[in-house]
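Data first, discussion second: the structure below is written as structure tokens.
The values are calculated or read from the model by the stated rules, or taken from the named source; none is laboratory data. Every value quoted in this text rests on a predicted model; they were computed, and no experiment measured them. So basically every Cβ, Gly included, is an ideal-geometry build from the backbone, and we count neighbours across all protein chains shown. Calculation scope for accessible area: heavy atoms of the full protein, side chains included, ligands and nucleic acids excluded. Shrake-Rupley method; radii C 1.70, N 1.55, O 1.52, S 1.80 Å.
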Amino acid sequence: MRNDRTKSQVTVEDLLSLKRAERPDAEFWHQFEREMRVKQLAAIVEPRPFWAPFIRVGSRMARFQLPVGATAILALTFLTVREYRLPEATDTQFISQSVASIAPVNTTEVAFANTVETTAQDTITENIVSEANVMVASNEPAAEPASVAVEVQPESVYSPADEAIAANLAAVRAKTPELARLIARVSGVEEIINPRSPSKVVDPLVRVKAPSTSRTSRLLASALLVKYTGGRDTRGSVTRVERGLTEDRVYDSISRFGVKADRLAISF
Amino acid sequence: MVSSPERQQEADSDWDIVQRVQAGDVAAFDELSIRYRGRVYGMIYNMTSNREDAADLTQDALIKAFQSINRFQGQSSFFTWLYRIAVNSTLTHLRKNRRRTFFSLEKVNEDDRQSAEVIEALTDNTGAERNTFVKELQEKLNEAMQKLSIRHRTVVTLFEIDGLGHQEIAEITNCSVGTVRSRLHYAKQILQAELQPYIRNEKRPH
């Protein structure tokens with residue numbers, strides 16, 4: 001108590017000092033001692049849980065929580081950004097992988113087209129590819145270097161369905177070249193062969209077709225039974241082609257068409 | 001941190017006993033327990049305002065200290081280390097039982113000169129009326145303490161009731177001295193408002 005405090009002066013500190021006088025009696029401490037002894041013995045006998053050392057280690061490592069957490073967040077961010085950019089960076093690699101996956105399809109389809117002469121088909125397919133190459137190269141701007149044409153390989157954009165169509169077209173060309181040219185011109189096979197060519201610039205007015213052309217395309221579509229599915233399962237496409245486009249059927253479809261001068265006759 | 005020579009002497013004595021316990025003399029811990037159980041109990045009691053809880057928490061704190069005494073390296077005084085264990089146990093208990101507030105109060109020892117002066121300053125009554133007034137004042141004091149947040153209550157208990165210094169409180173509560181001062185100032189303002197009817201700032205006319 002302060003010496004200068006008068007008898008009638010009472011402060012918060014004086015009131016709080018009253019709490020120091022709240023003390024237990026002696027009996028309380030006897031009871032406390034007994035309970036304490038029991039608990040102490042129990043603590044000695046009781047085995048410590050197996051995870052107690054881990055808690056101790058964790059409490060010692062508590063000071064490193066912030067830097068470790070920040071490092072983990074940075075690493076996660078870096079990995080996320082890196083993974084996000086990966087497809088863009090390896091676009092060429094992806095294309096080459098696509099080409100590698102498509103390559104066996106060519107051989108399979110050659111095997112499937114028993115009726116079509118192998119040498120002729122290869123030659124025609126190569127011609128189509130080389131034509132597409134030429135087309136891509138010719139449509140390149142003059143200022144652009146040839147490296148773009150090297151990076152974007154035309155073969156890589158072929159879908160299995162495109163390959164099947166190309167094989168069919170090759171077979172048709174082998175038998176009736178005129179009809180094949182007509183089909184190619186009318187149905188726009190060049191676009192199907194290379195639908196995603198980034199360097200091909202097409203005048204929008206060229207895409208506008210006359211109504212008669214579209215009607216003809218619809219009628220001719222029945223001859224092309226294999227449709228583009230967008231999938232890359234080559235075995236599935238080969239199976240579909242084997243199932244839906246036999247030699248007889250191809251021949252029957254072709255025989256329905258007749259070209260005379262500027263007319264196209266179709267028999268149903 | 002040891003502030004006064006008495007505390008330094010006490011800390012040296014404690015360190016000797018601790019080394020004996022660490023060497024395997026388990027019974028030596030009883031000396032430490034008897035030496036500090038009253039102060040630890042008082043601190044916990046003033047924070048919880050419940051004598052049963054205070055007794056349990058004091059025992060738990062002493063047993064924790066006993067179990068962990070091999071890890072005590074003497075970087076602080078044993079008293080500060082034991083108080084830190086007790087404060088942390090009490091804070092955990094209070095946070096778990098935030099809604100439960102049962103008062104179980106000790107009797108005010110009026111043999112204490114300081115408290116007798118305060119009571120005499122507040123009332124002229126004697127006998128049963130005086131006892132009733134003391135009881136009422138005690139309840140008001142505990143109610144006011146319970147209205148403080150746990151952190152503010154801890155600082156007020158350690159400074160005003162246990163008489164620890166700011167630096168010791170900062171070590172025990174693991175915060176800065178400035179924070180201790182700030183919490184103490186804020187807590188006193190609240191207590192002053194709560195205990196206004198019992199505060200006498202001027203001389204009473206006789």
Problem set entry | Peptide-level mean, for B:116-126, of C-beta atoms on other protein chains within 10 Å | 3
Exercise. How much length, in nm to one decimal, is gained on full extension between B:A193 and B:Q146, taken as 0.36 nm per residue of separation minus their Cα-Cα distance?
Worked result: 15.5 nm
Exercise. Averaged over peptide B:48-61, how many Cβ atoms belonging to another chain are found within 10 Å of each residue's Cβ?
Worked result: 2
Exercise. How far is helix B:177-194 tilted, in degrees, relative to the longest principal axis of the Cα atoms in chain B, given as a value from 0 to 90 rounded to the nearest 10?
Worked result: 30 degrees
For this session: Taking a probe of 1.4 Å and counting only protein heavy atoms, give the total accessible area buried between chains B and A in Å², rounded to the nearest 100.
Result: 4200 Å²
Exercise. Which percent of Cα pairs goes in each bin when the distances of chain B are cut into 10 angstrom slices starting at zero?
Worked result: 8, 30, 33, 20, 7, 1, 0
Problem set entry | Computed FRET value (nearest 0.05) for B:S182 with A:F28, which takes r as the C-beta separation and R₀ as 41 Å | 0.70
Exercise. Using a simple charge model, +1 on the beta-carbon of Lys and Arg, -1 on the beta-carbon of Asp and Glu, nothing else, what dipole does chain B show about its Cα centre, in debye to the nearest 20?
Worked result: 1020 debye
Problem set entry | Cβ-Cβ FRET estimate between B:Q167 and A:R56, R0 fixed at 41 Å, reported to 0.05 | 0.90
Seminar exercise, completed: Of B:75-85, B:39-49, ordering from highest average Cβ density within 10 Å down gives B:39-49, B:75-85
For this session: From zero up to wherever the largest Cα-Cα distance of the range B:129-206 sits, split into 10 Å bins and tell me the percent of pairs in each.
Result: 17, 42, 28, 12, 2
Seminar exercise, completed: The pairs in B:K135/B:K188; B:K64/B:K107; B:K64/B:K147; A:K39/B:K140; A:K39/B:K135; B:K140/B:K188 lying past 24 Å Cα-Cα in this model are B:K64/B:K107; B:K64/B:K147; A:K39/B:K140; A:K39/B:K135
For this session: Report the charge-dipole magnitude of the range B:93-186 in Debye, nearest 20, computed about the Cα centre from +1 at each Lys and Arg Cβ and -1 at each Asp and Glu Cβ.
Result: 940 debye
